[in-house]
Each structure stands twice: as C-alpha cells, then as structure tokens.
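Data block below; observations after.
The values are calculated or read from the model by the stated rules, or taken from the named source; none is laboratory data. Model, not experiment: these values are computed from the prediction. Cβ placement follows ideal geometry from the backbone for every residue including glycine, while neighbour counts extend to all protein chains displayed.
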C-alpha cells in the first residue's frame, strides 16, 4: 500500500512540475527585444497570446498570432524560429542571401518557416521542401 501511495505522490508531483513549466503571460512581459521584433514585423493587435516555457535555467517564449503564426524567442528575446503555416514569412526577417536563393531556384514557392539553429539556418518552403544554409546564408543542402 505504501508503494502505491509513493507512486501516486510521485505522479502528482511530476504533473504539477510539468504544469509550472509553461504558462500564458502578458505581451508586455516579453523581453524588450522580442517586443520590438513583433512590433516591427506584425501588428501587436494580432497577438493572440504569449507563452513562457521554462525547460532549463532560462525561459523561452512563444508568441501566437491570430493568423496561426508562431514565433519563438530565447530568454533574451532573440528570434529562434517563425512558422507562418501557409503564408510567407514577412520580408526583412530572413537574410537576403536566403531569400534571393529561394527566389532564383524556387520561384513558384515562398518561405513559410524560418529556424535559427546552433550551426545553421533552415527554411521550409510552401511546397514542404526544407533547405539548410550556413550562418551567413549560403546554401548547404536540401534537408531529408
């Protein structure tokens, strides 16, 4: 009986800890750099809600827009990724070398998702194709 109670207590504590890791916050609680990014590229009135997620030492932020766009920021407010679902990522967000490459080699498609990884940049096109670039924006390969 004690084992069952111990297991149940452990499960309850785990569920409570998971619930505390992610919660909705006010837009004004975003780091200033993230707020500036949103104001520059989108209408702040289009922000549906903002989540703060703590997966380690530092929090991360997800901004959800009413048009289903999702923008991820690190704890300092640096852009990590933007997913516009089916609409183009706004101009000025993606490095010009990448947008020029896509326009030249994939003229019938546009970028719907942009991710900044540790050692490379990744874009997803409207046809589902994923392209990998180095940190300067030079094409490396098509992602499998």
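Listed values, structure above:
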quantity	calculated
Some residue of region 83-105 being part of a strand (DSSP E or B), in contact with a strand residue (DSSP E or B) (Cβ under 7 Å, 6 or more places away or on another chain) and closer than 25 Å to residue 22 by Cβ	yes
Residue in region 125-143 that is surrounded by the fewest Cβ atoms within 10 Å (Cβ to Cβ), counting only those that are outside any loop (DSSP other than H, G, I, E, B) and touching a residue at least 24 places away in the same chain (Cβ under 8 Å)	139
Boolean, residue 109 is within 21 Å of residue 47 (Cβ to Cβ), modelled with pLDDT of 95 or more and assigned to a loop (DSSP other than H, G, I, E, B)	no
Filter result (touching a helix residue (DSSP H, G or I) at 6+ places or on another chain (Cβ under 7 Å) and over 21 Å from residue 117 (Cα atoms)) within region 41-77	44, 47, 50, 65, 66, 67
Tally, over region 65-82, of residues that are without any contact (Cβ under 8 Å) to a residue 40 or more places away in the chain and under 15 Å from residue 41 (Cβ atoms)	10
Single condition residue 81 does not satisfy, out of (1) on the phi > 0 side of the Ramachandran plot; (2) surrounded by 12 or more Cβ atoms within 10 Å (Cβ to Cβ)	(1)
